[in-house]
1. Could you work out the relative contact order of the stretch 116-242? I mean the mean sequence separation of Cα pairs under 8 Å and 6+ apart, divided by the number of residues, in percent.
2. Please report the relative contact order for the chain, taking Cα pairs under 8 Å with a sequence separation of at least 6, and give it as a percent rounded to a whole number.
3. How large is log10 of I(q)/I(0) for the chain at q = 0.09, 0.11, 0.15 Å⁻¹ when the intensity is taken from the Debye formula with one equal scatterer per alpha-carbon?
4. Do the sum for the chain: with -39,500 (n - 2.57) for every DSSP H run of n ≥ 4, divided by all residues, what is the mean residue ellipticity at 222 nm, to the nearest 500 deg cm²/dmol?
5. According to the square roots a ≥ b ≥ c of the eigenvalues of the Cα gyration tensor, what is the shape class of the stretch 275-389, taking rounded for a/c under 1.5, prolate for a/b larger than b/c otherwise, and oblate for the remainder?
6. Quick check: the distance between the Cα centres of the stretch 331-382 and the stretch 184-248, to the nearest angstrom?
7. Considering the convex hull of the alpha carbon atoms of the stretch 118-178, report its projected area averaged over all viewing directions, in nm², one decimal.
8. Taking the Cα-to-Cβ direction at residue 222 and at residue 75 and moving 7 Å from each Cα, how far apart do the two end points lie in nm?
Amino acid sequence: MALLAAAACGSSDSTGSSGSPGAGGFHPPHLAARSTLGKPEGQVNLIAWAGYVEDGSDDPGADWVTDFEKRTGCDVHARTAATSDEMVSLMKTGDYDAVSASGDASLRLIASGDAAPVNTRLVPHYKDVFPGLKNRAWNSVEGVAYGIPHGRGANLLMYNTRKVRPAPDSWSAVFDDASRYKGRVTAYDSPIYIADAALYLSATEPGLHIKDPYALDQKQFDAAVGLLKKQNADIGEYWSDYLKEISAFKTGDSVVGTAWQVIANLAKSEGADVRAVLPKEGATGWSDTWMLSARAKHPTCAYKWFDWIISPKVNAEVAEYFGEAPSNARACDESADKNLCAVFHAADEPYWRKVHYWTTPIEQCLDGRTGVRCVPYAKWVQAWNEIKG
């Protein structure tokens with residue numbers, strides 16, 4: 001698990017609602033998906049989060065690249081990216097065939113024409129992907145798929161069970177009640193965290209009429225930013241390195257804040273008195289998608305990689321190694337840890353309906369509103385720097 005979640009996702013975005021941004025007026029460049037595959041080109045160049053493309057060199061027990069290369073004749077060349085912004089920049093070079101994009105990167109790649117539509121019929125294992133991950137706002141536009149779902153996770157509320165009492169069930173623990181734990185509150189260090197504040201406000205400030213935490217008009221956005229600036233006074237540390245968060249909860253420097261299930265599992269295994277819950281307001285979350293470059297030089301090998309990485313056994317291996325819910329429903333029967341899918345709620349669709357997946361904020365409001373402009377991602381980045389001050 002040493003590499004794992006260090007990445008789930010840099011800066012990102014999304015929505016838990018179904019459908020695509022097309023309803024809000026988002027119209028990407030017209031690109032056609034491939035209708036057939038040719039002869040494998042001999043290699044594939046990938047951009048991925050740490051832990052997604054393992055060949056045994058970092059951990060002898062984690063290798064799903066070697067067999068892929070033997071079976072397909074496609075040599076894998078992978079570059080690990082630390083943030084979604086880095087992934088977007090690398091894809092723009094045209095040097096890579098595919099990327100494991102999170103929701104905050106995916107719409108940017110689609111809008112710029114750097115990502116091409118994907119013909120899911122050329123990915124046989126796609127039929128076994130959980131329905132809740134298909135045709136979603138971060139991986140499809142107007143019914144056209146732009147990628148193959150890889151895995152997903154929720155941003156949970158983690159707390160020290162000895163220091164935080166009574167046990168919290170609301171994000172109020174890190175917002176309105178944060179002063180109770182002044183200096184020991186932690187939050188995810190990313191502009192997309194603004195959506196967490198917006199989600200909380202959607203429940204506590206109904207007059208703001210926030211329907212989608214990634215579709216914020218100026219008034220809604222200002223309210224979320226204001227809440228985060230207030231929270232900043234109680235923050236001890238913003239985290240992006242999950243190892244640092246685990247350490248902070250072990251030492252007591254942090255007692256409450258956002259985390260992933262895998263972080264809670266590891267922290268607990270290392271002696272920290274922690275628990276992670278999905279608060280009553282719901283949560284933000286991430287769903288990563290393998291996307292094809294519009295300028296892919298090795299598209300056949302890329303498609304073969306898509307099908308391989310979501311095949312039941314391999315998808316289970318990646319999910320278990322990284323710490324996430326697999327995208328293939330049949331992966332649950334292939335995991336070494338038979339509790340994997342239960343722990344990560346892989347097949348629990350009522351659970352995922354409470355998760356608002358990262359989706360790139362754009363001017364065309366993703367909640368379907370017309371006649372109003374929403375605040376785009378670039379402004380989120382600017383505001384995040386101001387929030388941290």
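The values are calculated or read from the model by the stated rules, or taken from the named source; none is laboratory data. Nothing here was measured: the structure is a model prediction, and the numbers come from that model. Heads up, the Cβs are rebuilt from the backbone with ideal geometry, glycines too, and the neighbour counts pull from every protein chain shown. The area values use the complete protein model at the heavy-atom level, side chains included, leaving out ligands, DNA and RNA. Shrake-Rupley method; radii C 1.70, N 1.55, O 1.52, S 1.80 Å.
1. On the way: 110 pairs, mean separation 30.3, N = 127.
Across the stretch 116-242, relative contact order equals 24 percent.
2. Numbers: 863 pairs, mean separation 112.9, N = 389.
Worked out over the chain, it gives 29 percent.
3. These q points yield log10 I(q)/I(0) values of -0.48, -0.73, -1.35.
4. Values: 12 runs with 112 residues, N = 389.
Result for the chain, helices only: -8000 deg cm²/dmol.
5. On the way: a/c = 2.22, a/b = 1.35, b/c = 1.65.
Oblate shape, in that a/c is at least 1.5 and b/c is the bigger or equal ratio.
6. Here the answer is 16 Å between Cα centres.
7. On the way: hull surface 26.1 nm².
Seen from a random direction, the Cα hull of the stretch 118-178 projects 6.5 nm² on average.
8. Reported label-point gap for residue 222 and residue 75 is 5.8 nm.
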